[in-house]
Each structure stands twice: as C-alpha cells, then as structure tokens.
Amino acid sequence: MSDKFVVIGERIHVISPEIKEALATRNAAPIIARGKAQLEAGADYLDVNIGPAERDGADIMRWIVPELQKALDGAPLVLDTVNRDALRAGLEVYDASKGRAIVNSADAGERLPNIDLAAEFGAIAIGLLIDKGVPRNNDERNEYLQVILEHSMEAGMDPSEDVWFDPLVLVVKGMQEKQEEFLEFLRILKEMGLKSTCGLSNASNGMPAHVRPVVDSVLCGMSIECGLTSAILNPLEKSLMDTIKTSEVILNRTLYADSYLDI
Amino acid sequence: MSFTKSPQVFSSKVTEIEIGTGSEAVRLGGENTLPLYSFDADTKNPPLVGIDFSDKGPDTDIPGVAAFFAGADTLGAVAKRASEAEGASFVCFSLNSADPNGDDEAVDVSVAKCKEVADAVTKPLVIQGSGNAEKDAELLGAVAEALSGKNVLLMSAVEDNYKGIAVGAVLAYGQKIAAESAVDINLAKQLNVMIGQQGVSSDSYVMHVGNAAAGYGFEYVASAMERIRGAGLSQNDDMLQAPILTPLAADAWSVKESIAPEEDFPEWGPAEERGINMEVSTAMACLASGSNAVILKHPESVKTVAALVGELV
C-alpha cells in the first residue's frame, strides 16, 4: 500500500510582493497567515522560498523557520533557496517533531553538496534532475538520477526514503512534446521504488488563468497514476486538491465516502 | 538459522475512548496492531465483553439465563445481577419496549427504567434504543440528559438520526455514542465524517458496523471489519479509527442452530449449549476481525469469551 500523497504548499514564495516585503521587513504575520491557510486547505508541508537572498539568507531562515513552526504547531517545512548558508541556518533551528525538514533542492551539478547538507541534519533532500540546463530527454534525466543516487548513498542516505526526485515539469505551452516523457520518467522512478516530487504549476505557465487549474489538475492526476508521490502546488486551488483526493480514491489508497472531498 | 521476529506495528492507532466513571470505567481501543496480535505490541486495552439484558426482563426461555437471574425481580436487581456476571466489563440495557412498532412505551417511562438501572450498577453502561431511528433520536437524547455525568454509551446513531443524537447526547451531555451502519465500509466512513462535522470529537464515538451470526453471511461482516481496521491502521484514515463495538446476542440466538428444539434434532444435542457455542463462535470471530468489544446475552458465553481473551491477549 502506497503512502499518502504529500502536498507541499507553494504560496510562501519571494516572488509574491507581499511575501517579499514581509521577509525584508521581518514581518512574520502575513507569512504565517499564508502558511495557516495552506495547512487548512490540506497542505502537509509548507515550502518556504526566500529566493537567493545572497546578503542575509541565513538571517532570514534563522528568523522565519522558528516563527512559522511556533505559530503553526510545528508544521513541517521545505527550505527553499539556492543559498547554502541559508539552508544550513534553517536546518540548525528546525524542529523535526512533526516531520523531517526537506532541503529544496540538490541537483546533479553545483548543488550536489546540498545532499550532504541534508544528510548532516537528517533531512530529506529534493533531488532535481538537472545539471546546468533542463534535461533534454530521459537519458539525461537518468544520468542525473545516477549522479544523485550515488552521491546520496555515499552520504549515508537511504535514497528510497531520504531523497525525493524531481524530474522537472516542463511548460506545456511550447514543450508539449516533452510531457509524455516526463510521465514515463515518473514510472521509472516508481519502478525503482523511489519517491518523487515536482513543481506542478510549471506546466501551465503562460496559459490563461481559467485554463491553468484544468491543466495542472489533469497533469497531477496522470502523474499520481504514474507514481508521483508528492508535489509542490497551490493547495488553495480546490480543483487540484479534489483531483488528488479523487486519485487516491480511484487508486484505492483512501476509502471512499460520499463526503470524501470535504475531508 | 534463527528466527527473527518482525513485529507488525502501525504508526496509526485505534482511537481510545472511555465509558463509565470511577474505578470501573473501561477504555476501548488504543492498539496499533491487528486484532488480538498482542505478540506484535502491547494491545493497550484488551477487547471487552458486555452482558445484555432487555427492559422486558431477562430471557427466561433459556434455562441458564433464567437461572442466573433467578430471584432478581426488579429491573435494578436484574441490572445488579448482570453486572456481577463473571467476565462482564460493562452492562448493556436494551429498551425493547420503546419500539414504536411494538409496545411503544413512552419516553419518560424508558428514561425512568434507565435511571433505575444506572443507580443499581457501578460498571459502565451501554443503552440500546428501540432500533427505530425516529424514536431513538428523541429517546436517546432524553436518556443522555437523565444519565448526565455517567459517561454512558448510547446505541445507535444512524444515517437518519445522527444529527439529533450527536447534538443531544454528545455535545449537550458529554455522553458517548455508537455510529451504526449496516456492513458497508463506505457508509461507515461517511457516517463518521458526518458525525465529526457535527462537532463530535473522535474520542466520543465508537462504530457499530453491523453483524451476523457465524455462518449467516458473517464473511461480509468479517471483511468489513478487516477493511475498516486496515484503512485506519495502514492507511491512517482517521475517519475509520474509532473502536468497534458489536452487539451480537440477537443474531446469535435467533438462528436455527441456537433455537431448534432438541426433540427435532436429537443429533445436535441440547439447544442451550448450541446457542452458547454460536454466541461464543460469533463473538470470537468478531474480535478476531476487529471488534474492540462484544455484547452477549448468556452468562456462560460472557465468561467463556472473557477467559479466551484473557488467554490470548
């Protein structure tokens, strides 16, 4: 029996002006509010994307991680930045009592050492299957997968539990022909007994607002069937959460009840 | 090569609920293993056996039951005698006279009976209503009020009356209730969801997921119970983690094997013994499938099942 699909809420992201401002002025309230709303909507983890934050990333993480966890009953977090010092600072103050921290992310290139960082703190690492550029095909994804697998084992991790592989969702509008390969790679990960995650909304980038939830939801449902075990997404988008719940019912991972969408 | 035991324990567990008050209060649930798998981990609260009697008095058609209750000529005395049955952890009082399709006894009369019973026993009390959804909504609310502070368990909230019972018994008077569905896992879950939506917390209700006598469609009951336990434990479905309570006396004592007279089937032996065997077999099958408590009628069955549980857990 598979584990429950893990929903990582994406709405604490520096790209939002509100969050950017709150991070810069160390005003936790709006960040906590977004975290709370996402948890109430069914998020299991909260992604905390502070951007590169080259100047004060470590300070930001040291501040926001305990602020969020204190206010939200120890909610588990995904620490999301390319700034390694900031990741380390966040891990140092992280409370793992409600779930292990997730480092977002390591890759097969310059960010490979983030695997070691996660291992050092007993955290989970997201292994993004890229090197310098996006993978051109599944051969390249597989190449990057092997690099990360090998490195995580050397770091003493159990790659079937401690690393969640992200095959990278590519935008449909423009790279339509790449989607089937993405799904195929999820099947490969599933067959290898590996966990996976992805930034789902990449798929619908550039599409009209009314189309995006449909594309995201259908891709999500198809991906879960192919073996996707987690996704970074907007849990406030009801159609997405309904799709996940329905997928779990269809795949017999959750027992059906007439009110299953309300649970 | 030596055998290495690998215990099958789950990260989820059955919700623990308490009925009764004081030193004789009992707790149901709490285990994180499959039913009776005490070798995998501590069962926490071993399955319980309750003894049932009707407001019409003990079933004197069964000689052993009649003998056990002999001399107890008031409801209070019957209740006290029942609570002294060896192996009984709680007493179940059934308001059969309240059935609108039968005696249709007035609610205040039923309530007075419940008070008499409650005053006579210190063991935890389960009250079974009339079985009529509409009547029970009113009846169980009134009983909940009258027995306020006793932490009794009221059976049953069903699809057609759960709102009134959830509000009237649990939210208003802090009593416990059983959510009853008819051997259907999806309905069992749905009812729990709806009861939860009324504001009833998970430690305030148990499930009664239906029953049948062993050999009479029991495989449906067994598979429903197993599926419910599986969802609660291995899928961590918190809408299916309530303890299961199964009253089975009526089923066990109504099948041919229990009631056919010995004159008609001399090769089957005494009817009472067969009835006890049917009750014990059904009870053990329920406990093995996932029930946390069973409610039986014959004192001999109560004693036997409690002893079996004592040996197993």
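With the dipole of the protein assembly as shown worked out from charges on the C-beta (+1 for Lys and Arg, -1 for Asp and Glu) around the Cα centre, which of B:174, B:75, A:33 lies farthest toward the positive end? Value: A:33.
Hey, for a label at residue B:223 modelled as a point 7 Å past Cα toward Cβ, could you say which residues of segment A:238-263 have their backbone N under 17 Å away? Only A:252, A:255-256 fall inside the zone, counting backbone N under 17 Å. Given axes a ≥ b ≥ c from the Cα gyration tensor, I'd like to know whether chain A is rounded (a/c under 1.5), prolate (a/b larger than b/c) or oblate. Judged from the Cα gyration tensor, chain A comes out rounded (a/c under 1.5). Counting Cβ atoms of other protein chains within 10 Å of each Cβ in A:251-257 and taking the mean gives 6.
PRE reach from residue A:85 (point 7 Å along Cα→Cβ): which of segment A:7-47 fall under 20 Å by backbone N? Answer for this model: A:23-26.
Cross-link partners for residue B:256 among the aspartates and glutamates, with Cα-Cα distance under 20 Å and sequence neighbours closer than 8 places in the same chain left out: B:59, B:61, B:219, B:264, B:267, B:272, B:273, B:279, B:300. Put +1 on the Cβ of each Lys and Arg and -1 on the Cβ of each Asp and Glu in segment B:154-277; which of B:230, B:247, B:259 then has its Cα farthest toward the positive end of the dipole? The Cα lying farthest towards the positive end belongs to B:230. Over what distance in Å are the Cα centres of segment A:201-225 and segment B:31-47 separated? If you average the Cα positions of each part, the centres end up 45 Å apart. Listed values for segment A:77-89 are Karplus-derived 3J(HN,Hα) couplings in whole Hz (6.51 cos²θ - 1.76 cosθ + 1.60, θ = phi - 60°), namely 10, 10, 8, 10, 6, 8, 7, 5, 4, 5, 4, 4, 4, and x replaces Gly and Pro.
Dividing the mean sequence gap of close Cα pairs (under 8 Å, 6+ apart) by how many residues segment B:79-173 holds gives a relative contact order of 28 percent. Using only side-chain charges placed at the Cβ, +1 for Lys and Arg and -1 for Asp and Glu, the dipole size of segment B:37-312 relative to its Cα centre rounds to 900 debye. When the helix-only estimate is applied to the protein assembly as shown (DSSP H runs of n ≥ 4, each -39,500 (n - 2.57), divided by the residue count), what is the mean residue ellipticity at 222 nm, nearest 500 deg cm²/dmol? Rounded to the nearest 500, it is -12000 deg cm²/dmol. If you sort A:222, B:207, B:194 by accessible surface, 1.4 Å probe, largest first, the order is A:222, B:194, B:207.
Taking every protein chain into account, the 1.4 Å probe leaves residue A:245 with about 50 Å² of accessible area, to the nearest ten. Largest GNM mean-square fluctuation across B:176, B:135, B:123, computed for chain B with C-alpha springs under 10 Å, falls on B:135.
With a 1.4 Å probe rolled over the protein heavy atoms of all chains, the accessible area of A:3, A:131 falls in the order A:3, A:131, largest first.
Taking a ≥ b ≥ c as the square roots of the eigenvalues of the Cα gyration tensor, an a/c ratio of 1.5 or more together with a/b no larger than b/c marks segment A:170-263 as oblate. Between A:86, A:22, A:203, the Gaussian network model of chain A with springs among Cα atoms under 10 angstrom shows the greatest mean-square fluctuation at A:22.
Count, for each residue of B:236-243, the Cβ atoms from other chains sitting within 10 Å of its Cβ, then give me the mean as a whole number.
Values: counts 3, 6, 1, 6, 2, 0, 0, 0.
Mean partner-chain Cβ count within 10 Å for B:236-243: 2.
What is the interface area between chains B and A, defined as buried accessible area summed over both chains with a 1.4 Å probe, reported in Å² to the nearest 100? Show your work: numbers first, answer last.
Details: alone 13280 and 12210 Å², together 24500 Å².
Adding both sides of the contact gives about 1000 Å².
Rounded to the nearest 20 debye, the dipole size of the protein assembly as shown about its Cα centre is 1480 debye, using +1 on the Cβ of Lys and Arg and -1 on the Cβ of Asp and Glu.
Exceedance of the 29 Å cut-off in Cα-Cα distance is limited, within the set A:36/A:173; A:238/B:189; B:80/B:176; B:115/B:303; A:4/A:36; B:13/B:176, to A:36/A:173.
Rounded to the nearest 0.05, the FRET efficiency derived from the C-beta distance between residue B:3 and residue A:191 at R0 = 35 Å is 0.65. Can you pull the one-decimal nm distance between simple spin-label points at residue B:27 and residue A:33, each 7 Å off the Cα toward Cβ? With each label point 7 Å from Cα toward Cβ, the separation is 4.2 nm. Highest GNM mean-square fluctuation among A:163, A:14, A:78, for chain A modelled with Cα contacts below 10 Å: A:14. In the assembled protein chains, residue B:221 presents an accessible area of approximately 0 Å² (probe radius 1.4 Å).
Dipole of chain A, Cα-centred, from +1 at each Lys and Arg C-beta and -1 at each Asp and Glu C-beta, to the nearest 20 debye?
On the way: 26 positive and 42 negative charges, 131 e Å.
Dipole about the Cα centre, nearest 20: 620 debye.
When a/c is below 1.5 the answer is rounded, else prolate if a/b is larger than b/c, else oblate, so apply that to segment B:37-312 with a ≥ b ≥ c taken from the square roots of the Cα gyration tensor eigenvalues. Because a/c hits 1.5 or more and a/b fails to exceed b/c, segment B:37-312 counts as oblate.
Label separation (residue A:146 vs residue B:254): 6.9 nm, computed from points 7 Å beyond Cα along the C-beta direction. Ordered from largest to smallest accessible area (heavy atoms of protein chains, 1.4 Å probe), the residues B:4, B:21, B:43, A:229 come out as B:4, B:21, A:229, B:43. A crude spin-label estimate for the pair residue B:106 and residue B:86, with each label 7 Å from Cα along the Cβ direction, gives 4.4 nm.
The values are calculated or read from the model by the stated rules, or taken from the named source; none is laboratory data. These numbers were taken from a predicted model, which means no experiment stands behind them. Positions of Cβ are backbone-derived with ideal geometry, glycine not excepted, and every protein chain shown enters the neighbour counts. We work out accessible area using only protein heavy atoms, side chains counted, and drop any ligands, DNA or RNA first. Shrake-Rupley method; radii C 1.70, N 1.55, O 1.52, S 1.80 Å.
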